[in-house]
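Data first, discussion second: the structure below is written as structure tokens.
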Amino acid sequence: MVKDLRKYAFMIRLGYRYIYIFKKIFFHPYISLQHAYEELSKARQAYSNKVLKRLNIEVEVDGELPKEDKILYAINHRSLLDIIVMEHIFSQHNKNGTWIAKQELFDSFYGKFFEYSGCISVDLETKRGLVSFFKTIKKTFSKVDNMNLYIFPEGERHKAAGIKEFQSGAEKIAKANNLKVVPVFINDELEKVFKASPFKEQYKVKVHIGDIVDYTNLEEKYITHYKQSLQKGKN
């Protein structure tokens, strides 16, 4: 219980410090959109690296991130740690990008963290919200040359074994913006890992990065990557 309280207290204090950092970049009147996204990415990554260090978690990567940008990274989702683990990986490869998140996260008590850190919200409940979302994505890619998008195609956290059926959003976004896709499988139950942290001895999380694929039949291609990743884990 005490361990949990200390963990959450650390993350909340750190989060509020970074909201201040995000806000200074987000509302800066003299920097370009590209520079803003680059700086926001670095700040999110710095936050994530500090959290992982505090929790004593190491990330081991199988595969390589592509050198090119304008990629949609499709990632399985079980825990808040998914974002933190991926930000750590992106920090090791100097990647600039942003997360796509449901509007309800922006309306929550920690919504400013998502908003000011450059995440892009999508309101799935209204046609107007979807149109606005796609316009924002297209505008962003037209102004930020080294942009990448990070998305959880399952749409929400999946606590059961396997991969939950994909929503249609990831494929539509990739098609509308002519994006290639990289499937990413986090081979761990990070909701349990987070609950057990911080660890006395370093805990290792395995992440499998797939090859670039096109957006057609994305769920089928992701399942292939998922099965290959599980097989590697057994070898």
Practice prompt. Would you mind stating whether PHE152 is of a type in the set (A, V, I, L, M, F, W, C) and either more than 15 Å from the chain's Cα centre (by Cα) or within 25 Å of TYR20 (Cα to Cα) (or both)?
Written response: no
By my count, helices (runs of 4 or more DSSP H) wholly in segment 1-115 with at least 3 residues that are within 22 Å of ILE209 (Cβ to Cβ) and open to solvent by less than 80 Å² (accessible area, probe 1.4 Å) are 33-55, 81-92
Residues of segment 138-159 being polar (S, T, N, Q) and open to solvent by 80 Å² or more (accessible area, probe 1.4 Å), in sequence order, are SER142
Conditions (1) modelled with pLDDT under 90; (2) open to solvent by 20 Å² or more (accessible area, probe 1.4 Å); (3) on the phi < 0 side of the Ramachandran plot -> GLY162 fails only (3)
Listed by first then second residue, the pairs whose first member lies in segment 49-64 and is more than 12 Å from VAL184 (Cβ to Cβ), whose partner is among the basic types (Lys, Arg), with beta carbons under 6 Å and at least 6 positions apart or on separate chains, are GLU58/LYS204; GLU60/LYS204; GLU60/LYS206
Among (1) within 13 Å of GLU60 (Cβ to Cβ); (2) open to solvent by less than 100 Å² (accessible area, probe 1.4 Å); (3) at pLDDT below 95, TYR203 falls short only on (3)
Reported set for segment 200-235 where residues are polar (S, T, N, Q), touching a strand residue (DSSP E or B) at 6+ places or on another chain (Cβ under 7 Å) and either in a loop (DSSP other than H, G, I, E, B) or over 16 Å from ILE163 (Cα atoms) (or both) is GLN202
Residues of segment 118-137 being within 19 Å of the chain's Cα centre (by Cα) and either loosely packed, with under 14 Cβ neighbours inside 10 Å or in a helix (DSSP H, G or I) (or both), in sequence order, are LEU124, PHE133, PHE134, THR136, ILE137
Among the residues of segment 156-180, the number that are of a type outside the set (Val, Ile, Thr) and outside any loop (DSSP other than H, G, I, E, B) is 8
Given the conditions (1) out of contact with any helix residue (DSSP H, G or I) (no Cβ under 8 Å at 6 or more places or on another chain); (2) within 21 Å of LEU105 (Cα to Cα), every one holds for LYS139 apart from (2)
Subset of segment 181-199, residues within 30 Å of SER142 (Cβ to Cβ) and either assigned to a loop (DSSP other than H, G, I, E, B) or out of contact with any Pro (no Cβ under 8 Å at 6 or more places or on another chain) (or both), comes to VAL181, PRO183, VAL184
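The values are calculated or read from the model by the stated rules, or taken from the named source; none is laboratory data. Keep in mind it's a predicted model, so treat the numbers as computed, not measured. No Cβ is skipped: glycine too gets one built from the backbone with ideal geometry, and neighbour counts run over all protein chains shown. We work out accessible area using only protein heavy atoms, side chains counted, and drop any ligands, DNA or RNA first. Shrake-Rupley method; radii C 1.70, N 1.55, O 1.52, S 1.80 Å.
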